[in-house]
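The values are calculated or read from the model by the stated rules, or taken from the named source; none is laboratory data. None of the values given here were measured: they were computed from a predicted structure. Here the Cβ is made from the backbone with ideal geometry for all residues, glycine too, and neighbour counts use every protein chain on show. SASA here: full protein model, heavy atoms, side chains in, ligands and nucleic acids out. Shrake-Rupley method; radii C 1.70, N 1.55, O 1.52, S 1.80 Å.
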Amino acid sequence: MNLYLRYFDNETLVHSVDEALDFLRSIPEIGLDADLEADIREYVASDVFYPKRYKVRPRIYFIVIKTTAETMLDFKQKKALRPVTAAVNERKEMMAGAVTRLSEQREGWYEGALDFKRVVLIPATGKHEYRDTHFVARCKALSGQDCYNRIVEHLRTRVDSRSQFPSAKGKNFRFKYLGMWK
């Protein structure tokens with residue numbers, strides 16, 4: 001794994017963390033200290049591939065990007081794009097699995113948990129504000145999507161109409177199949 005570093009017009013492509021630190025030491029404005037050095041080493045050792053931005057002073061940053069490019073020209077021409085890893089594919093499959101699980105027809109009792117933004121009145125000021133609200137309900141439904149629809153329909157009649165409900169496909173809605181109804 002190689003590293004691309006840039007600070008204004010100063011840029012380089014290096015093959016190790018030590019070379020990157022030497023480059024940063026050559027720029028007096030950056031002021032490389034032990035904490036910054038440790039953070040850069042930790043970033044390079046981690047599995048994350050997004051660019052990392054470090055603050056030099058207000059509104060002034062330098063960036064570090066992990067790349068598989070062997071030369072600066074390859075990096076500039078984007079010839080070394082990161083291949084799709086198994087972890088990314090696995091995450092996509094898991095998301096697809098959650099969406100198909102949501103629409104899977106299975107009649108019975110469901111327990112659905114929903115985290116939403118509820119509009120409430122502040123009596124002291126007479127103004128309204130959004131509050132994070134956790135709501136759990138058990139209901140008869142035909143699928144996870146039907147469970148979500150029933151919960152949201154129930155809440156819409158009982159909370160302020162400006163309240164915001166999350167998507168059924170998002171992380172703020174969870175459901176569990178409890179079993180067949182009798």
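Take the Cα of VAL119, go 7 Å toward its beta carbon, and the backbone nitrogen atoms of segment 145-182 under 16 Å from that spot belong to 155-166. In this calculation the C-beta distance from MET1 to LEU178 is compared with R0 = 30 Å, giving a FRET efficiency of 0.05. Near VAL56, the amide H atoms lying under 5 Å from its own belong to TYR61, PHE62; only residues 5 or more places off or on other chains count, and H is placed 1.01 Å from N.
Taking a straight Cα-Cα cut-off under 19 Å and skipping sequence neighbours fewer than 8 places away in the same chain, the lysines within cross-link reach of LYS127 are LYS117. Calculated accessible area for the chain comes out at 68 Å² per residue, all protein chains present (probe 1.4 Å; ligands, DNA, RNA ignored).
Charge dipole (Cα centre; +1 on Lys/Arg Cβ, -1 on Asp/Glu Cβ; no other charges) of the chain amounts to roughly 1300 debye. Over the chain, with every protein chain in place, what whole percent of the accessible area is carbon and sulfur at 1.4 Å, could you tell me? Of all accessible area on the chain, carbon and sulfur atoms account for 51 percent. Using the Cβ-Cβ distance between GLN164 and ARG59 with R0 set to 41 Å, the FRET efficiency works out to roughly 0.80. Surface listing: LYS117, LYS52, LYS176 arranged by accessible area from highest to lowest gives LYS176, LYS117, LYS52, probe 1.4 Å. Here P(r) over Cα pairs in 5 Å bins from 0, in percent was calculated from the structure, and among [x] 1, 7, 12, 12, 9, 7, 7, 8, 10, 11, 9, 6, 2, 0, 0, 0; [y] 1, 9, 18, 22, 21, 15, 9, 4, 1, 0; [z] 1, 7, 12, 14, 14, 13, 11, 9, 7, 5, 3, 2, 1, 0, 0 it sits at label [x]. By the rule of a C-alpha distance below 21 Å, with chain neighbours fewer than 8 residues away ignored, the lysines paired with LYS140 are LYS169, LYS176, LYS182. With the whole protein complex present, ASP22 retains an accessible surface near 90 Å², based on a 1.4 Å probe.
Placing R0 at 35 angstrom, the Cβ-Cβ distance between TYR50 and TYR130 gives a FRET efficiency of 0.75 after rounding to 0.05.
Within a straight-line Cα-Cα reach of under 20 Å, LYS76 can be paired with the following lysines, leaving aside sequence neighbours fewer than 8 residues apart in one chain: LYS52, LYS66. Percent relative contact order of the chain, based on C-alpha pairs within less than 8 angstrom and at least six residues apart? This gives 18 percent for the chain. Rolled with a 1.4 Å probe across the full set of protein chains, the surface gives ARG53 an accessible area near 150 Å².
Here GLU70 sits with roughly 120 square angstrom of accessible surface, probe radius 1.4 Å.
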